[in-house]
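To start, the structure itself, in structure tokens.
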Amino acid sequence: MTTTLLKLQRYLKEIEKNDLSGGSGMQINAFLQLRNEKELLEEAKAIDEKIKKGKAGKLAGKIIAIKANINVKGLNSSCASKTLENYKSPYDATVIEKIKEQDGLIIGITNMDEFACGSSGETSAFGPTKNPQALGLIPGGSSSGSAAAVSAGMCDMALGSDTGGSIRNPAGHCGVVGVKPSYGLVSRYGLIDLSMSLDQIGPITKNVYDAALLLEVIKGKDEKDSISQNSEKLNLQKIEKIPKKIKIGILDVKGLEVDKKIQELINEKINKAVKKYKWKAVNIKIPYIDLAVATYYPLVYVEFFSSTRRFDGRKYGFKIEENCGEEVLRRILGGSEISKEEHFGRYYYLALKVKKLLEKEFEKTFKKNKIDCVVSATVPRPPHKIGEKISLEKMYNYDALTIPSNLAGNCAISIPCGKINNIPVGMQVICDKFQEQKMLQIARAFENLRYNKS
Ligand code: GLN
């Protein structure tokens, strides 16, 4: 059996060669910081000792990378911004405490879009991340480094955060698995927020089983996050069981500009599952889903503006307005404008109303059609070339299929569906709130189709 130590050494070599700027390989730029090597090696040995004695936690042997907006004590959770370039986290986020308690080995901090504002991994102040599966193309974002690190074989698993798609979108483009948990399933304590009414931390992994394993460890009520709540324990053995009598709702994506070939690939996968597992599939419409992007941005602008007021250069790092990139500044200025008293009730509150409406429409759709899940592509289009100029509208539209479940508070997962022109395509499975067990089982069954061609 491969020990934690051996695996760690392999990953470190891979990172040295293919990630760091001095390396001879692909220079993926997935990591912003690696932990001290000596410390890592010692910890890996200690974990192997525990495994030998049969006293190890659930994540023993797993090597985990963490997105740069999650506090890990002693590391530089910079949010990939010059603003927090020298910030050293004074404490562990709740999810990090839980990972450490279960003997997960944290290897380092990953690159991302600055303050999680982006869909492409290009807004990082420390250079874009490359897509390991398609080198000249974006890996998706904002959890770009986390998805790329898992995809490039530089760690076993990673944590990302998802406000409008930032876990699922890069997971889709990089050919890995990413979970956006139901709002409130995972504590946000220690997450440097983008939009606190939407943010969730979640796993990015090589397969659905590992996602379930990591999710089971990090989820649960936390006194330090009032919206977090307890939920049923995930049954990891049951994840392997093909669920019976599943009824899939195929999302009507009219008006959402989904690439034809991508939709065909999704439909093919659904047909395969229907045939092999004797599941059912029906076409469904979710009213107002075409308003999701327009509803999301006023919420994010205002909440982001409010949460960045603490980055005034006194307590944490430097003054954000003087040290951030274009996209972050746009949101701060936009948020400051639309939260002015004279606009009261116009943008933010209106957006909150549509958010509620969409939440209700999702609930109705699940009930009325008696469906177990809604399936669509994760991202409507293939990834663009790094550095290619695309319009803001097009950039924001990357998340047209992922934002709805953040607004509704549902759980959603992206799994690899296949490739088009050798570029990975992600498929999204959305379930009702706190239905993670069912969602993971359905996703695992889809994943199994990869191995059993029929
Ligand atoms: N791309 C979206 C945005 O820029 C989503 C970001 C996220 O989920 N963190 O806001």
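The values are calculated or read from the model by the stated rules, or taken from the named source; none is laboratory data. Fair warning: this is a prediction, and the values are worked out from it, not measured in the lab. As a convention, Cβ positions derive from the backbone with ideal geometry for all residues, glycine included, and neighbour counts pool all protein chains shown. With ligands, DNA and RNA removed, areas are computed over all heavy atoms of the protein, side chains included. Shrake-Rupley method; radii C 1.70, N 1.55, O 1.52, S 1.80 Å.
Among the trypsin sites (Lys or Arg not before Pro) found in the range 242-342, those both in a DSSP coil and sparsely packed, with 14 or fewer other Cβ atoms within 10 Å of their Cβ, are Lys244, Lys245, Lys254, Lys278, Lys285, Arg314, Lys315, Lys340. Quick one: grab the alpha carbon gyration tensor of the chain, order the square roots of its eigenvalues as a ≥ b ≥ c, and give me rounded if a/c is under 1.5, else prolate or oblate depending on whether a/b is larger than b/c. Rounded is the answer for the chain, as its axis ratio a/c remains below 1.5. Relative to the current alpha-carbon distance between Glu232 and Ser306, full extension at 0.36 nm per residue lengthens the span by 23.3 nm. For Lys13, go through the lysines and keep the ones whose alpha-carbon is under 20 Å away, minus same-chain ones fewer than eight residues off. Lys13 reaches Lys38, Lys45, Lys62, Lys130, Lys206. The percentage of C-alpha pairs in the range 268-398 whose separation is greater than 26 Å is 46%. Calculate, in whole percent, how much of the Cα-Cα pair population of the range 239-293 lies beyond 16 Å. That tail contains 52 percent of the Cα-Cα pairs. Listed cross-link partners Lys245/Lys280; Lys260/Lys419; Lys244/Lys275; Lys224/Lys355; Lys370/Lys438; Lys285/Lys367 are compared with a 18 Å cut-off, the Cα-Cα value being larger for Lys224/Lys355.
Out of the trypsin sites (Lys or Arg not before Pro) in the range 348-384, which ones are loop residues according to DSSP with at most 14 other C-beta atoms within 10 Å? Can you show the working numbers first?
Working: sites: Lys353, Lys355, Lys356, Lys360, Lys364, Lys367, Lys368, Lys370; in loops: Lys370.
Within the range 348-384, the qualifying trypsin sites (Lys or Arg not before Pro) (loop, at most 14 other Cβ atoms within 10 Å) are Lys370.
As a length-normalised measure over Cα pairs under 8 Å and 6 or more apart, the relative contact order of the range 43-142 settles at 25 percent. Selection among Ile270, Val253, Val300 by position relative to the dipole of the range 248-328 gives Ile270 as farthest towards the positive end (Cβ unit charges, Cα centre). Summing charges over all other residues whose Cβ lies under 12 Å from the Cβ of Ala134, with Lys and Arg as +1 and Asp and Glu as -1, gives +3. Derived scalar couplings between HN and Hα for the range 231-243 equal 8, 4, 5, 6, 8, 5, 5, 5, 4, 6, 7, 6, x Hz in order, rounded to whole Hz, by the Karplus curve 6.51 cos²θ - 1.76 cosθ + 1.60 (θ = phi - 60°), x for Gly and Pro.
Starting from the alpha-carbon convex hull of the range 43-188, give the projected area averaged over all orientations, in nm².
Working: hull surface 34.6 nm².
The orientation-averaged projected area of the Cα hull of the range 43-188 comes to 8.7 nm².
What whole-number value in Å² describes the accessible area per residue of the chain for a 1.4 Å probe? Spell out each step's value before the answer.
Working: 19020 Å² over 454 residues.
Solvent-accessible surface per residue comes out at 42 Å².
Rolling a 1.4 angstrom probe over the chain with all protein chains present gives an accessible area of which 51% lies on carbon and sulfur atoms. With a threshold of 27 Å on the Cα-Cα distance, the over-threshold entries among Lys364/Lys394; Lys247/Lys364; Lys7/Lys269 are Lys364/Lys394; Lys7/Lys269. Judged by the ratio a/c of the largest to the smallest principal axis of the C-alpha gyration tensor, the range 365-454 counts as oblate, that ratio being 1.5 or greater while a/b is no larger than b/c. For the range 202-283, GluC sites (Glu not before Pro) are listed when DSSP marks them as loop and at most 15 other Cβ atoms sit within 10 Å of their Cβ; the list is Glu223, Glu232, Glu240, Glu257. Please report the antiparallel percentage of the DSSP beta bridges confined to the chain, to the nearest 5. Counting only bridges with both partners in the chain, antiparallel ones make up about 65 percent. Taking the Cα centre of the range 288-423 as reference, the dipole from Cβ charges on Lys and Arg (+1) and Asp and Glu (-1) amounts to some 320 debye.
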